[in-house]
1. Give me SER146, SER124, SER221 sorted ascending by neighbouring Cβ count inside 10 Å, so fewest comes first.
2. Arranged by the count of other C-beta atoms within 10 angstrom, fewest first, what order do ARG140, ARG114, ARG168 take?
3. Less than 15 Å apart at the alpha-carbon level, and either on another chain or at least 8 residues along: which aspartates and glutamates does that give for LYS258?
4. Please report CYS152, CYS182 as a ranked list, fewest other C-beta atoms within 10 angstrom at the top and most at the bottom.
5. Can you tell me which lysines have their Cα less than 18 Å from the Cα of LYS264? Leave out same-chain residues fewer than eight positions away.
6. Taking LYS180 as the anchor, which lysines have their alpha carbon closer than 19 Å to its alpha carbon, excluding any fewer than eight residues away along the same chain?
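All of the numbers you see were taken from the coordinates with simple rules; none came from a lab. In this text, all values refer to a predicted model and were calculated from it rather than measured experimentally. Backbone-built Cβ (ideal geometry, glycine too); neighbour counts: all protein chains shown.
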Amino acid sequence: MHQQINSHPRFTKTSFLRRLELVFDADRWQEIWMTITSNKSRSFLTAFGVFWGILMLVLMVGAGKALETGVMSQVEGFATNSAFFAAEPTSEPYKGFRKGRNWNMTNSDLPIIRQRVEEMQYISPVLFAGGNNGDENVVRGDKGGSYLIKGCYPEYNLIETSKMLYGRYVNDIDIAEKRKVCVIGERVYEVLFQREEDPVGKQIRVNGIYFQVIGVARSTSNVRIGGSTALTVVLPFTTMQQAFNQGNIIHFLAATAKPGVAVKSVEDKITEILKQQHQISPDDKEAVFTMNIEEEFKMFNYLGIGIAALIWIVGLGTLLAGAIGVSPRPTIQVSAAIPVPR
């Protein structure tokens, strides 16, 4: 092994000692020092340029990483493979119906969507009420406030995830039996109950109807659909339809795609089904409002990639500008023959 290393010209003892001599050559270091001290302004500006380039690169990369982390934290706890649907007035006449017709999604749409959209993983209808006029629509004793009322299925908590501080979320039995139970947001709990008081099993009045509290929810994401989780009271979807005389109307529809499936395909299929079910022109682009969270999330990703690329270009460019100043500059000497007088 010793012979193999010595036989290679790059690892000979003589070569190593020669390089070591160059490193510790006093004359060489003296020459470098004289070069630096002979032009102090240039040396200072060069050193400052390199320092500034490194500093800017570090700061900009750090800022870019912080921005990326901040964006990711905004959507953490929210299903980025989801899409949302709502009914809007039609923009085209179709089959005898006039333009501008109002329509609603209904309960009958759900089984058809479940059957025909195999790429879909979860789906939940949503109802909204209250929270807009400032009246105290949620009351317990002498305490109350104006809060958003939301009716949904248990699957909704798999799309807009909430952390349960007390109790549980709405379940399938609540839906099937149309139980008068509710999940209150963290802020609603703070207003209606004493600090550290367990609210589970207690009664509150929502729009004049008594409901039993089964849980307290805290949002795990900054994405808000309809309103803040902290200021919301969640009811079983079927209970809200019956108690508030909503018939079979659905205000909002939330759905997610299966892993590995593009949300766009689920979005297009559900939109097509809704148009067919409600006699809407296939070419009507405005009748079904859709919001593709996956596409929105991709925009954030592309923005992050663009910012990161810009940061590296500017940072490396600044560093390179400083490094160029370090490189030696050729000195051109001009000599002229001076005539000797005779």
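1. Details: SER146 14, SER124 22, SER221 18.
Ascending Cβ contact count within 10 Å gives the list SER146, SER221, SER124.
2. ARG114, ARG168, ARG140
3. Answer for LYS258, where 15 Å is the Cα cut-off: GLU118, GLU119, GLU155, GLU267, ASP268, GLU294, listed by chain and number.
4. Values: CYS152 26, CYS182 29.
Result, fewest neighbours first: CYS152, CYS182.
5. Counting by Cα, and skipping residues close in sequence, LYS264 has these lysines nearby: LYS275, LYS285, LYS298.
6. Leaving aside lysines fewer than 8 places away in the same chain, those within reach of LYS180 are LYS150, LYS202.
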